[in-house]
Amino acid sequence: MAKSSSSKASMSPSDNYYLARRRTLQVVVSSLLTEAGFDAAEKAAVETLTEMLQSYLSEIGRSAKVYCEHSARTQPTLSDIVVTLAEMGFNVDNIQAYAKRSQRMVITAPPVTNTPAPPRALSTGQKRTHPSYIPGHFPEFPDPHTYIKTPTIREPVSDYQVLREKAASQRRDVERALTRFMAKTGETESLFKDDVSTFPLIAARTTTIPYLNALLPSELELQQMEETDSSEQDDQTDTENLTLNMNSDEMSAEKENTILQQSSGLSNSKNSEEPMIDNPYLRPVKKPKIRRKK
C-alpha cells in the first residue's frame, strides 16, 4: 500500500491524463469484443488491440490537422475528418448505419480534465499580445525571458580599501602557491621526525662561502647601475651637443658683426660724402645690431 501511494504521488499530471485516456480506450475495446461474441480475452490481446486503436485515432487527428493548416485554419472541421477517412480507405457512407446498430453498448464519457500546461522555466516580464495587424490564428509570442535583455557586466570596483584588500589577498595566495610548489619540487625539512608530510619547510642550501651573496650585487642593483650609466651617457652627449651648438652660434654671430661693421663703415663714408637730409622719412634704414646670448 505504501508503494502504490508513493507511486501515485510521484506521477505528474501529464501521466495521469495519458492513463485516463488509455483506460477509456481499453473499455471501448472490451465492449467491441463483447459485441463480437467473446466471453473473455487475454490481457496481451486487449493491450495490442488498444494500441492499434490508439494509433488509428492518432493518425486521423494528425491528417486532419494537416488538411486544416493547408486550408489556413487553426481548428479542424468535419470536412477535414471526412477527407482523412477517405484517404485512409474508410467508407464514410457506412458510418451512420454502424452508429445505429441494435447491439451497440453505451459507454459513459470520461471525466473532463484540462490538458496540463507545459511548465515554464522562467517567468519574467509581461507576455505580449498580438497587435491589431497580426491575425489571431498566428502563434503566440514566446516567453519574455527569451528576448528580454539582461546585462551581466558589473561595474569595476574603485574603492581604495577594497582594492588594497584584494591586492593583499592575491599576493598572499601567490606566496602560498609558490611555497607549496617549491616544497613539492625541492628539498624539504619537517618539524616532526615521525610524520614528514606535515608542516614541510624549504630546506636551506648550504654554500662554501655564506657571505658571498651579501657582497655580490643583486639583479635589481645591476639594473639600477645600468640605468644610471645610460642616463649619465645621455647627459654627456647632451652637454657635448649643447657646447657644439653654442660655439657654432658664436662663430656665426661674430661673422655677422664683422659684416655689419664693414657695411656700417661704408654707409658712414657714403653719408659723409652725401649731404645731410633733414627729413627723417627720407633717411636710409638702419638695421639694429643682433646680439646673441651666450
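The values are calculated or read from the model by the stated rules, or taken from the named source; none is laboratory data. Predicted model, so just to flag it, every value in this text is computed and none were measured. Heads up, the Cβs are rebuilt from the backbone with ideal geometry, glycines too, and the neighbour counts pull from every protein chain shown. For accessibility, only protein heavy atoms count, side chains too; no ligands or nucleic acids. Shrake-Rupley method; radii C 1.70, N 1.55, O 1.52, S 1.80 Å.
Remarks
- Within the stretch 141-198, considering residues that are within 30 Å of the chain's Cα centre (by Cα) and basic (Lys, Arg), the one surrounded by the fewest Cβ atoms within 10 Å (Cβ to Cβ): 149
- In the stretch 18-28, the residues that are farther than 22 Å from residue 81 by Cα and either open to solvent by 70 Å² or more (accessible area, probe 1.4 Å) or touching a Leu at 6+ places or on another chain (Cβ under 7 Å) (or both): 18, 23, 27
- Taken over the stretch 78-112, residues that are in a loop (DSSP other than H, G, I, E, B) and either in contact (Cβ under 8 Å) with a residue 40 or more places away in the chain or surrounded by 12 or more Cβ atoms within 10 Å (Cβ to Cβ) (or both) amount to 7.
- Test: residue in the stretch 59-71 that is out of contact with any strand residue (DSSP E or B) (no Cβ under 9 Å at 6 or more places or on another chain) and either on the phi > 0 side of the Ramachandran plot or part of a loop (DSSP other than H, G, I, E, B) (or both): yes
- Residue ID - nearest to residue 102 (Cα to Cα), chosen from residues in the stretch 31-52 that are outside any helix (DSSP H, G or I) and open to solvent by less than 80 Å² (accessible area, probe 1.4 Å): 36
- Just one of the listed residues (63, 58) is surrounded by 12 or more Cβ atoms within 10 Å (Cβ to Cβ), within 30 Å of residue 136 (Cβ to Cβ), small (Gly, Ala, Ser) and modelled with pLDDT of 90 or more, and it is 63.
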